[in-house]
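The values are calculated or read from the model by the stated rules, or taken from the named source; none is laboratory data. Since the structure is predicted, the reported quantities are computational estimates derived from the model, not experimental observations. Ideal geometry is used to build each Cβ from the backbone, glycine not excepted, and the neighbour counts take in all protein chains shown. Heavy atoms of the whole protein, side chains included, go into the accessibility calculation; ligands, DNA and RNA do not. Shrake-Rupley method; radii C 1.70, N 1.55, O 1.52, S 1.80 Å.
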Amino acid sequence: MPQQVQGVVAPGRNEPVRVETIVIPDPGPGEAVVKIQACGVCHTDLHYKQGGINDEFPFLLGHEAAGVVESVGDGVTDVAPGDFVILNWRAVCGQCRACLRGRPWYCFATHNAKQRMTLLDGTELSPALGIGAFAEKTLVAAGQCTKVDPAVAPEVAGLLGCGVMAGIGAAINTGGVGRGDSVAVIGCGGVGDAAIVGSRLAGAAKIIAVDIDDRKLAKATEMGATHTVNSRTGDPVEAIRELTGGFGADVVIEAVGRPETYRQAFYARDLAGTVVLVGVPTPEMRLELPLLDVFGRGGALKSSWYGDCLPSRDFPMLIDLHQQGRIDLGAFVTETIGLGDVEKAFARMHEGDVLRSVVVL
């Protein structure tokens with residue numbers, strides 16, 4: 001029987017979000033209803049609100065979440081009611097050409113729940129990244145549920161559902177950071193700081209944090225950066241080169257998603273180095289680079305899709321590392337809030353006051 005719950009809806013481009021009653025259908029084949037316990041306020045949710053992803057309003061926001069499976073539909077065998085899960089927005093299909101080649105983290109046919117959640121008047125909602133977790137409960141594809149140790153606090157575990165996984169994966173999976181490497185991270189929000197954590201975990205010898213906000217640079221140092229550069233007061237490319245013997249970093253991770261910072265990343269890497277784009281651009285952005293420089297500098301220019309993660313492999317592994325004290329996922333949580341505080345959390349995010357606000361239900 002369909003359920004009515006409270007959820008945070010973005011009604012239109014740049015309109016304030018509001019808490020609405022949401023109708024959750026019973027799970028169909030391959031689907032699951034999850035009782036949400038915590039959901040991080042991610043910059044991608046703000047992009048949705050601003051119309052920067054698409055214009056399929058109204059959106060049910062929230063996607064960086066953890067909770068407990070309440071019910072499952074026919075054919076679901078990987079999770080069961082009562083399982084503590086982290087939600088992921090790339091449910092691997094297992095059948096596409098990437099999956100069949102043994103590269104499921106590149107799955108080209110990821111899927112979401114087939115049924116739509118609605119408002120009381122029947123208006124269909126577009127769940128952010130196919131999840132919609134700023135809600136007491138949500139409907140997802142069962143493959144979007146990854147079981148992890150229930151001993152971990154939900155507000156910590158849920159962060160792996162997007163930003164923290166994207167950053168750690170950008171360093172380890174996409175960038176291939178290794179022992180002794182030099183790494184520069186441009187943009188020290190949640191994703192950038194996670195890339196710093198991932199680089200440290202991988203054994204990087206030098207980790208250079210770049211941002212325009214000294215508060216963020218101080219936090220980046222706490223997360224493991226060995227050097228900081230304020231790009232508001234100087235040329236970050238020259239600063240990174242100076243810190244790396246005049247050569248540039250082995251891996252530069254761009255966690256802003258803007259053409260100007262991407263150009264900085266491109267020229268701040270060593271010859272044959274790697275640039276990883278994990279910051280999310282908006283549709284109108286364009287990049288221009290001399291093709292000769294692209295050829296002459298060699299190396300690799302990569303985009304990181306969700307940190308090129310495989311949730312079934314990476315989520316439990318990172319939870320284990322957190323429990324061992326080797327990474328501190330709790331350090332990303334600046335504050336916990338309620339459903340009615342999401343609009344204020346967006347404002348604090350814009351002002352650079354928080355690393356992560358987390359909605360706790």
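Data overview
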read-out: Mean separation of Cα contacts under 8 Å (6+ apart) over length of the chain, as relative contact order %; value: 17 percent
read-out: Label point at ASP55 placed 7 Å out along Cα→Cβ; residues across segment 256-285 whose backbone nitrogen lies under 17 Å; value: 282-285
read-out: Dimensionless Rg ratio for segment 1-128, taking C-alpha atoms and the 2.2 N^0.38 Å reference; value: 1.11
read-out: Radius of gyration and maximum dimension Dmax of segment 88-145, Cα, Å; value: 13.4, 45
read-out: Residue-wise HN-Hα coupling along segment 11-17, computed from phi with Karplus coefficients 6.51, -1.76, 1.60 (Hz; x: Gly, Pro); value: x, x, 3, 6, 7, x, 6
read-out: Local net charge near LEU201, Cβ-Cβ under 14 Å (Lys/Arg +1, Asp/Glu -1); value: -2
read-out: Pairwise label distance in nanometres, ILE212 with PHE247, each label 7 Å out on the Cα-Cβ vector; value: 3.1 nm
read-out: Calculated from backbone phi, Karplus (6.51, -1.76, 1.60) coupling profile of segment 122-134 in Hz, x at Gly/Pro; value: x, 4, 6, 9, 9, x, 4, 6, x, 10, x, 10, 7
read-out: Cα Rg, Dmax (largest Cα-Cα span) when computed across segment 184-259, Å; value: 11.0, 30
read-out: Carbon + sulfur, % of accessible area of segment 209-300 - ligands and nucleic acids excluded, 1.4 Å; value: 56 percent
read-out: Over segment 15-73: Kirkwood hydrodynamic radius from C-alpha pairwise inverse distances, Å; value: 13.2 Å
read-out: Estimated translational D of the chain in µm²/s (Stokes, Kirkwood radius over Cα pairs; 4 °C; 1.567 mPa s); value: 63 µm²/s
read-out: Where N is the number of residues in segment 126-233, Cα Rg divided by 2.2 N^0.38 Å; value: 1.23
read-out: Phi-based couplings in Hz for segment 61-70 (Karplus 6.51, -1.76, 1.60; Gly and Pro marked x); value: 7, x, 8, 9, 9, 9, x, 10, 5, 9
read-out: Cα-projected label distance for ARG97 with GLN6, points at 7 Å along beta-carbon direction, nm; value: 4.8 nm
read-out: Amide H contacts under 5 Å for THR336, placed H, 5+ residues apart; value: VAL358
read-out: Whole-percent carbon and sulfur share, accessible surface of segment 47-107, 1.4 Å; value: 43 percent
read-out: Cα centroid separation - segment 150-225 against segment 251-275, whole Å; value: 16 Å
read-out: Net charge dipole size for the chain [Lys, Arg +1 and Asp, Glu -1 on Cβ; Debye, nearest 20]; value: 780 debye
read-out: Pair ASN230, ALA331: separation of 7 Å Cα→Cβ label points (nm); value: 2.2 nm
read-out: Pairs of lysines in the chain (C-alpha under 23 Å apart; 8 or more residues apart or interchain); value: 15
read-out: Antiparallel DSSP beta bridges within the chain, percent to nearest 5; value: 55 percent
read-out: Carbon/sulfur fraction of accessible area - segment 125-194, other protein chains in place, 1.4 Å, %; value: 50 percent
read-out: Residues with amide H under 5 Å from that of SER303, placed H, sequence gap 5 or more; value: LEU277
read-out: Per residue accessible area in Å² of the chain, where ligands, DNA and RNA are left out and the probe is 1.4 Å; value: 42 Å²
